[in-house]
1. Pull out a ≥ b ≥ c, the square roots of the eigenvalues of the alpha-carbon gyration tensor of region 181-220, then state rounded if a/c is under 1.5, prolate if not and a/b is larger than b/c, and oblate in the remaining case.
2. Starting from the amide H of Val61, placed 1.01 Å from N in the peptide plane, find each other amide H under 5 Å away whose residue is 5 or more places distant or on another chain.
3. List every residue whose amide H lies under 5 Å from the amide H of Ala184, counting only residues 5 or more places away in sequence or on a different chain, with H placed 1.01 Å from N in the peptide plane.
4. How large is the helix-only mean residue ellipticity at 222 nm for the chain, computed as the sum of -39500 (n - 2.57) over DSSP H runs with n ≥ 4, divided by its residue count, in deg cm²/dmol to the nearest 500?
5. Using the C-alpha gyration tensor of region 125-220, what are the square roots of 5 times its eigenvalues, in whole angstrom, with the largest one first?
6. Stokes-Einstein at 37 °C, 0.692 mPa s, Kirkwood radius from Cα pairs: D for region 12-154 in µm² s⁻¹?
7. What full-extension length gain, to one decimal in nm, is calculated for Glu177 and Asp115 as 0.36 nm per residue of separation minus the Cα-Cα distance?
8. Going by alpha carbons, how many degrees (0 to 90, nearest 10) lie between the helix axis of 131-143 and the longest principal axis of the chain?
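Every number in this text was worked out from the coordinates using simple rules, so none of it is lab data. Bear in mind the structure is a predicted one, so any value in this text is a computation, not a measurement. Cβ atoms come from the backbone with ideal geometry, glycine included; neighbour counts cover every protein chain shown.
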Amino acid sequence: PRLGVNTLTGEGLAAALEGASVVVDVSNAPSFEDQAVLEFFQTSTRNLLAAEAAAGVGHHVALSVVGTERLTESGYFRAKLAQESLIRESVVPYSIVRATQFFEFIPGIADAATDGHTVRLAPAFIQPMAADDVAQAVAKVALGSPVNGIVEVAGPEQFRLDDLVRQGLSARHDPREVVADPHARYYGAELHVRTLIPGDGALLGETHYADWLSHAAIQQ
């Protein structure tokens with residue numbers, strides 16, 4: 001928006017897309033309140049796809065989340081499903097890249113699950129990845145032909161969600177206690193053991209969590 005391009009109003013989209021062959025949408029809603037996040041993804045996606053069709057764009061690439069269709073108790077993930085539906089229905093060829101949670105998001109996951117000095121998380125499996133690996137995967141898909149479907153990307157290792165966050169807090173010398181609670185909500189949704197992990201055939205990043213934590217600690 002600060003450059004004069006606004007997907008919610010359509011301002012500047014036509015000029016921004018002139019001559020483009022591929023559009024990569026990694027935008028996110030400023031508010032995760034149920035109605036606000038739904039309106040953001042529906043409005044911005046409609047405007048973007050309409051501008052792409054008018055400009056003759058040949059490939060729409062959108063970043064989404066592994067397990068979205070299994071997290072419909074959450075308003076955020078219902079909004080992501082709505083976004084994906086609009087992309088599928090558009091005339092613009094597309095690829096939807098569903099990524100697992102980024103390592104960089106783990107502190108936020110801990111904060112959302114914190115009650116006092118306790119972090120309650122379901123012991124569901126998760127296969128997180130570094131943001132740099134997500135970016136590489138999105139770039140690879142963007143440079144290829146549209147798949148007109150979903151590509152899943154994930155990290156090289158699986159963890160239990162509670163243990164993953166426990167390791168992250170320990171590395172930051174955070175004293176909060178992590179408790180495994182099978183009924184703990186994840187952004188409003190109850191998790192089953194495999195809700196957050198990809199299916200067979202996912203593209204895997206190379207960065208391991210321990211290496212990423214060590215690098216992050218050095219930069220602090």
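1. Oblate, since a/c reaches 1.5 and b/c is not below a/b.
2. Val23, Val24, Asp25, Ser95
3. Ala122
4. Rounded to the nearest 500, the figure is -12000 deg cm²/dmol.
5. Computed over region 125-220, the values are 27, 20, 10 Å.
6. Stokes-Einstein gives a translational diffusion coefficient of 202 µm²/s.
7. Details: separation 62, 0.36 × 62 = 22.32 nm, distance 1.01 nm.
Separation in residues times 0.36 nm, less the Cα-Cα distance, equals 21.3 nm.
8. 30
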